[in-house]
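Worksheet for the structure shown next.
The values are calculated or read from the model by the stated rules, or taken from the named source; none is laboratory data. If you're wondering where the values come from, they're calculated on a predicted model, not measured in any experiment. All Cβ positions, glycine included, derive from the backbone under ideal geometry; neighbour counts span all protein chains shown. Quick note on the areas: whole protein, heavy atoms, side chains included, nothing else; ligands and nucleic acids left out. Shrake-Rupley method; radii C 1.70, N 1.55, O 1.52, S 1.80 Å.
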Amino acid sequence: MATADTTTRIEELLGEDADSLLNHRSETVPASQLHLPGPDMVDRVHALTDRNNRVLRNLQWLYDSGRTGGTGYLSILPVDQGIEHSAGASFAPNPAYFDPENLVRLAVEGGCSAFASTFGVLGSVSRRWAHRIPFIVKLNHNELLTYPNEYDQVMFGTVQRAWELGAAGVGATIYFSSDNSRRQIIEVSRAFEEAHRLGMFTVLWCYLRNPQFVIDGVDYHLAADLSGQANHLGVTIEADIIKQKLPETNNGYGAVSKLNGSYGKTDKLVYEKLTTDNPIDLTRYQLINCYMGRAPLINSGGASAGETDLVEAVRTAVINKRAGGAGLISGRKAFQRPLDDGIALLNAIQDVYLAPDITVA
């Protein structure tokens with residue numbers, strides 16, 4: 001359990017943002033209407049669904065694992081970047097992590113709830129590690145070796161194979177708003193149905209991808225309204241957990257509509273009542289699109305920026321927790337540095353969720 005000294009350390013890391021983040025009181029959707037993380041998350045929320053007993057057992061294993069075990073909060077180490085961003089770009093800062101076993105060791109020694117990675121990484125070490133930490137197999141990837149680079153998610157293996165190597169869950173990405181999104185929706189929804197049948201939980205990376213969404217220097221891929229709708233599509237295909245990037249702006253519908261006529265559908269109440277400029281309220285809008293938290297929201301840690309990684313990771317964790325989210329899934333910030341430093345960063349993230357003084361806004 002985190003101590004008062006831990007909370008003080010978090011305040012120091014947040015610096016001038018400490019007051020606006022730690023003392024914010026949300027007046028959008030009340031916390032009382034949310035399905036918030038807790039020790040009884042499986043019994044209270046997941047057990048009401050159509051998931052079978054094997055899925056519920058694996059979800060319980062997930063929630064019971066790592067330093068945050070028994071709290072309802074999750075700290076997941078994802079390492080699919082060797083494909084998504086190339087192995088060189090991902091592991092050159094720390095070549096030891098070209099060896100998958102070192103990555104799993106980081107997840108275990110770092111107190112993570114689960115380790116999410118590729119068929120190759122997890123399959124190469126499954127007999128030693130699959131029973132020690134929940135494995136999440138990332139089923140599809142965007143490879144960047146074609147020229148010119150394309151942005152598409154393609155399946156790299158089968159759900160059956162993920163089950164055979166001992167995975168507790170599977171993950172996938174859909175690039176909503178891309179030219180290939182409809183095909184990806186069909187592929188992933190079928191894969192998730194099979195995963196549930198075999199007893200594995202599902203995690204969906206609900207990302208937006210459209211080059212026209214960067215308008216006048218503002219990246220509306222990170223708009224709360226658009227990313228929130230991506231989340232809503234994700235829970236529609238029965239993702240058990242939603243992974244989303246932290247929102248940085250809002251009213252993506254309005255910005256895109258100004259390009260060439262009306263785009264999509266929204267309501268002025270989204271901007272007048274359900275969101276504010278505070279990042280906690282923007283993230284809460286992402287969460288309410290996850291069936292009010294029935295599908296827990298975990299935010300991604302983002303790319304490594306070097307010296308500011310610890311501050312950024314703690315800030316993201318505070319925003320996610322106070323919005324009502326269920327944790328962080330942070331990779332490059334942890335594995336692009338020495339083992340002990342990576343463990344310390346993961347523990348700092350977990351300390352936010354273990355700190356009783358940091359409550360839901």
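Couple of notes before you dig in:
- Distance between modelled label sites at Ser86 and Asp19, nm, 7 Å Cα→Cβ extension: 4.6
- Dipole of the range 242-361, positive direction: furthest Cα of Ser262, Leu310, Thr275, with charges on the beta-carbon: Ser262
- Full extension of the chain between Asp5 and Asp40 gives 9.8 nm of extra length, using 0.36 nm per residue less the Cα-Cα distance.
- Over 31 Å between alpha carbons, listed pairs Lys258/Lys321; Lys243/Lys268; Lys273/Lys333: Lys258/Lys321; Lys273/Lys333
- Whole-percent carbon and sulfur share, accessible surface of the range 110-155, 1.4 Å: 53
- Positive-pole candidate from Val29, Ala92, Asn52, dipole of the range 1-106, charges at beta carbon: Asn52
- At a probe radius of 1.4 angstrom, the accessible area of the chain per residue rounds to 43 square angstrom.
- Computed label-point distance, nm, for sites Ile185 and Tyr151 using a 7 Å Cα→Cβ extension: 1.8
- Value of [θ]222 nm, deg cm²/dmol, for the chain, DSSP H segments ≥ 4, -39500 (n - 2.57) each, nearest 500: -12500 deg cm²/dmol
- When +1 charges are put on Lys and Arg Cβ atoms and -1 charges on Asp and Glu Cβ atoms, the dipole computed for the range 250-325 relative to its Cα centre reaches about 360 debye.
- Hydrodynamic radius by Kirkwood, which averages 1/r over all alpha carbon pairs of the range 153-200, in angstrom: 11.2
- For Tyr291 and Ser257, a Förster radius of 35 Å and the Cβ-Cβ distance give a FRET efficiency of 0.85, rounded to the nearest 0.05.
- Carbon plus sulfur fraction of accessible area for the range 49-104, probe 1.4 Å, in percent: 52
- Distance histogram for the chain (every C-alpha pair counted, 20 angstrom bins, percent rounded to whole numbers): 31, 62, 7
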